[in-house]
Amino acid sequence: MNIRSIFRQGFPGMLLAASMIPGDASAAPLLAGTWTLVAADVQHPDGTIGRDFGADPKGLLLIDVHGNYSLQIFRSERPRFASNDKATGTPDEFREAVLGSSTHYGTLTVDPANHKLAFHISNASYPNWAGQTQTRRYQLKDGELSYRVPPRANGDIPISVWRRVD
């Protein structure tokens, strides 16, 4: 096989493979580090803003230089299970535990020129998100990262604000 046939047969395949890369992972170091949750609000269809995860939500977002991430958001007012046994919670306890948290992990790509993040979700507490790519417009200002999540079925738009710890 000569160099001409390599380019004729192999080069188009390499171009196709490169075009399938989900984004510019090299931009991930821009956001690499540990972030703590400042706000987990929600904008309702009428424009009003509410507290999506209570008055004092807790959360952590970890991003490494390769674009791997882990994100956790919790309502701090989540009630404890009365039985102190995860396997024997009541339907209401299970409902509050699930609706009072949002967690997912995977890889993150960043497009700084267009201020877009793409979460390539490997797995999530909400199983329907596993395998999805979710894109958000973001702002990075004074050590705070903020973005709006795509609208929910009811029209609510979650808003997340994170502060860099390191």
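The values are calculated or read from the model by the stated rules, or taken from the named source; none is laboratory data. Computed from a predicted structure; not experimentally measured. Counting neighbours? That spans all protein chains shown, and the Cβs are built from the backbone with ideal geometry, glycine included.
Filtered by the rule that a residue be free of Cβ contacts under 8 Å to residues at least 60 places away in the same chain and either surrounded by fewer than 16 Cβ atoms within 10 Å (Cβ to Cβ) or out of contact with any Lys or Arg (no Cβ under 6 Å at 6 or more places or on another chain) (or both), region 147-166 gives VAL149, PRO150, PRO151, ARG152, ALA153. Whether any residue in region 128-150 is of a type outside the set (Phe, Trp, Tyr), modelled with pLDDT under 95 and more than 22 Å from PRO29 (Cα to Cα) is what I want to check. There is at least one residue in region 128-150 that is of a type outside the set (Phe, Trp, Tyr), modelled with pLDDT under 95 and more than 22 Å from PRO29 (Cα to Cα). Just one of the listed residues (ASP111, ASP92, ASP56) is among the acidic types (Asp, Glu) and in contact with a Pro (Cβ under 9 Å, 6 or more places away or on another chain), namely ASP92. The C-beta contact set for region 55-68 (first residue under 19 Å from SER101 (Cβ atoms), second residue modelled with pLDDT of 95 or more and surrounded by fewer than 16 Cβ atoms within 10 Å (Cβ to Cβ), distance under 6 angstrom, 6+ apart or interchain) comprises LEU62/THR34; LEU62/SER70.
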